[in-house]
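What follows is a short report on a single structure.
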Amino acid sequence: MNPLLKAQKIGFLGAGNMAQAMIKGLIEGGIPANHIYASNRSEGKLIKLVEQYKINAASTNEELIDTCDIIILAIKPQDLLTALEPVGRVFDENKIVISVVAGIRMEKLERFLNGARLSRVMPNTPSLIGRGVIGYLLNDDDDDALDSTVADLFAPLGRVIKVGDEDQFEALMVSCSSGTGFVFEMMMYWQDWIEEHGFSVEEARVMTIETFVGASLLAAQAREGVEDLQARVTSKKGVTAAGLQSMRELEIERALRISFEKAAMRNKEMAREIK
């Protein structure tokens with residue numbers, strides 16, 4: 001991690017699950033705990049966070065913004081703009097603001113941030129174990145210092161990917177963040193089928209997880225693409241081929257594509273609902 005980043009004071013406006021995952025990752029990545037601050041509407045969550053990670057509690061959002069160099073917005077979408085409205089004047093061009101809030105685009109955020117340097121970032125749930133996909137978008141692509149700050153800050157949480165515009169940001173969010181939930185759905189079906197054939201819940205769970213983990217690691221380590229890997233485990237007129245033929249006849253690809261599009265449509269609806 002960039003030594004200059006370790007000297008910055010980082011504040012979390014919000015103390016939910018994603019903030020907790022990020023704080024854990026930052027501390028493990030080398031950011032001193034006493035350089036991290038948090039504020040939260042619910043005092044209980046904040047106290048727990050302070051006790052667990054030995055970070056600092058800010059009594060108000062205004063105090064947090066005034067104290068910190070980097071402010072991470074980690075509040076629920078429906079609550080964010082209400083929280084920002086009374087403290088907008090505290091921001092300035094020397095502040096870096098990073099929003100991990102879904103549904104609120106750059107142009108809307110900029111109206112509340114008084115010229116602050118801004119990035120939207122979307123981590124996914126595997127960030128909790130340092131295996132996330134973290135997409136980020138800048139409001140100024142020529143701000144190299146902001147670019148490197150965001151990339152370095154989130155590197156401990158997984159693979160960091162810069163996107164070019166809001167549409168790409170949405171696609172990454174749906175495929176990687178919502179997509180994690182889609183994968184869990186398929187794993188549930190997998191496990192149910194195995195249990196129906198006489199295996200215990202724990203045996204079926206292990207078999208399912210290891211199948212998904214093994215396939216993913218094989219794809220990560222192989223030089224060829226996923227299609228070629230699939231061909232290697234599929235004999236003509238064999239067992240795997242029969243199953244794949246059925247999946248294609250049932251249009252599994254179409255069902256997944258519709259799921260992606262439905263999630264993207266809901267994201268747009270949420271953005272319109274947030275005033």
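Quick notes
Here's the yes/no breakdown for (1) under 30 Å from residue 76 (Cβ atoms); (2) in a helix (DSSP H, G or I); (3) touching a Ser or Thr at 6+ places or on another chain (Cβ under 9 Å):
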| residue | (1), (2), (3) |
| --- | --- |
| 214 | no, yes, no |
| 223 | no, no, no |
| 227 | no, yes, no |
| 234 | no, no, yes |
| 242 | no, yes, no |
| 253 | no, yes, no |
| 260 | yes, yes, yes |
| 271 | yes, yes, no |
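- Taking the numbered list (1) buried (at least 16 other Cβ atoms within 10 Å of the Cβ); (2) over 26 Å from residue 24 (Cα atoms) in turn, residue 165 passes all entries but (1).
- Meets criteria (under 22 Å from the mean Cα position of the chain (by Cα) and under 20 Å from residue 133 (Cα atoms)) for residue 45: no
- Taken across the range 149-159, residues that are outside any helix (DSSP H, G or I) and either closer than 23 Å to residue 255 by Cα or assigned by TED's automatic domain parsing to the domain that holds residue 27 (or both) do occur, with at least one present.
- Taken over the range 183-205, the criterion of being closer than 24 Å to residue 259 by Cβ, among the aromatic types (Phe, Trp, Tyr) and surrounded by 15 or more Cβ atoms within 10 Å (Cβ to Cβ) is satisfied by 190 alone.
- So residue 168, is it over 23 Å from residue 262 (Cα atoms), part of a helix (DSSP H, G or I) and among the polar types (S, T, N, Q): no
- Hits in the range 39-98 - residues which are assigned to a strand (DSSP E or B), among the small types (Gly, Ala, Ser) and either surrounded by fewer than 21 Cβ atoms within 10 Å (Cβ to Cβ) or touching a Gly at 6+ places or on another chain (Cβ under 7 Å) (or both): 57
- Of the residues making up the range 248-269, not one is surrounded by 11 or more Cβ atoms within 10 Å (Cβ to Cβ) and either within 22 Å of residue 218 (Cα to Cα) or outside the structural domain of residue 182 (by TED's automatic domain parsing) (or both).
- For the range 10-30, a residue qualifies if it is under 22 Å from residue 101 (Cβ atoms) and either among the hydroxyl-bearing types (Ser, Thr, Tyr) or surrounded by fewer than 17 Cβ atoms within 10 Å (Cβ to Cβ) (or both), and the qualifying residues are 16, 17.
- Candidates 61, 17, filtered to the one that is under 19 Å from residue 157 (Cα atoms) and polar (S, T, N, Q): 17
The values are calculated or read from the model by the stated rules, or taken from the named source; none is laboratory data. Because the structure is predicted, anything quoted here is derived from the model rather than measured. Note that we place each Cβ from the backbone using ideal geometry, even for glycine, and neighbour counts take in every protein chain shown.
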